[in-house]
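Read the figures in this text as sums done on the coordinates, not as results from a lab. Source: prediction; values computed, not measured. Glycine also receives a Cβ, built like all others from the backbone with ideal geometry; neighbour counts cover every protein chain displayed.
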Ligand SMILES: NC(=O)c1ccc[n+]([C@@H]2O[C@H](COP(=O)([O-])OP(=O)(O)OC[C@H]3O[C@@H](n4cnc5c(N)ncnc54)[C@H](O)[C@@H]3O)[C@@H](O)[C@H]2O)c1
C-alpha cells in the first residue's frame, strides 16, 4: 500500500466555491500543494483572481479564478461551461460558499431569509449538480464535498442565525440524498461540518469568542482553517473511496457537550 499516493491529489482537478478567502482559500492552497489543479469559484471576482495568482505562485500549480454567484443557477451554468473549457474534466467539487445575515427570526425580511437559503442550500445543490453532470458526461466519477457546519446539529448562541442553521442541516441531508442517487455513477457525496473557525466570516463577532470557548470542553480552542485541511484532503483523495454520504464534524469537541 502506497499511503502517500492514496492521499495525493496529483492529476486531480476541480473547483472550490467561496475559494477567494477563509476556509475555501486554505483548502485551495492545500489541494494545489498536493498536486491538484484548482478553480477558485467566488462572487468576489477580483479577490478570486488575486488568490488564484498567489496560490499559483506559491505552489507552482495551475490555479484559475472563475467568477460566479452560486446563488444564481444561470451564473453556475456559465461557470461550469468556462470550467470545462479550461479543465475539460472534474474529479472534485468543494461546495463551500456560505453566508449568514444575523437577523432575529421575528424581524428577518423575506429577502434576507431567501438570500441565506439561496447561497447555502440552492448554491450548494446547483454547484454539486454542475460538477456531477460533468463527472457523468466524462464517466470519471468523482468526489463532491460540501462545507456544512456544526450548526446543522446545534443552534449557535447568542447569535440569531436560525435560518443559517436550517440551511446547514439541509446541506447534510441533501448530501446523503445525492450520495444515494449518484453512487451508480461512482460519485461520492460527503460533507464536513466545522465548529467555529476564525475567518472573515466571523470577524465581526470576535467579542463572542470567549463565550463560544466557554461552551467547549475545558482546554479546547476555537479552530483555524488549517484544522480542516486533513478532512478535505481525505474526501478529495482516493483515501476516501469507501466514504459516501458521510459527515465529518470537526469542532474541537463543541457539539459533544
Ligand atoms: N468560519 C466558521 O466559523 C464556519 C463554521 C462552520 C461552517 N462554516 C462554513 O464554511 C464556509 C466558508 O466559510 P468561511 O468562514 O471561510 O467564510 P468567508 O466569509 O471567510 O468566505 C466565504 C467566501 O464565499 C464567497 N461567497 C459568498 N457568497 C457567495 C456567492 N453567492 N457565490 C460565490 N461565492 C460567494 C465570499 O466572497 C468569500 O470569498 C461557509 O459555508 C460557512 O458557512 C464556517
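What's the angle, to the nearest 10 degrees (0 to 90), between helix 73-87's Cα axis and the longest principal axis of the chain? Long axis of 73-87 versus the principal axis of the chain: about 40 degrees.
Given a cut-off of under 8 Å on Cα pairs at least six residues apart, what relative contact order in percent is computed for the chain? Don't skip to the answer; put the middle values down first.
Details: 528 pairs, mean separation 49.2, N = 257.
It comes to 19 percent, rounded to a whole number.
Taking Cα atoms only, the orientation of helix 22-33 departs from the longest principal axis of the chain by about 30 degrees. All alpha carbon pair distances within the chain were sorted into 5 Å bins beginning at 0; the resulting P(r) in whole percents reads 1, 6, 14, 18, 20, 17, 12, 7, 3, 1, 0, 0.
The protection proxy used here, the mean number of other Cβ atoms lying within 10 Å of each residue, ranks peptides 94-100, 36-42, 224-230, 104-110 as follows, highest first: 36-42, 94-100, 224-230, 104-110. Seen from all directions on average, region 70-212 presents a Cα convex hull projection of 9.0 nm². Mind jotting down the distance between the C-alpha centroids of region 15-29 and region 71-89, whole Å? Centre-to-centre (Cα) distance: 17 Å. Expressed as a fraction of 2.2 N^0.38 Å, the C-alpha radius of gyration for region 7-138 is 1.07.
Could you work out the relative contact order of region 1-128, using alpha carbon pairs under 8 angstrom and six or more residues apart, expressed as a whole percent? About 25 percent, as a whole number.
Among 20-32, 233-245, 209-221, 134-146, sorting by the average number of other beta carbon atoms lying within 10 angstrom of each residue, highest first, gives 20-32, 134-146, 233-245, 209-221. Between 0 and 90 degrees, the angle of helix 162-182 with respect to the longest Cα principal axis of the chain falls at about 30 degrees.
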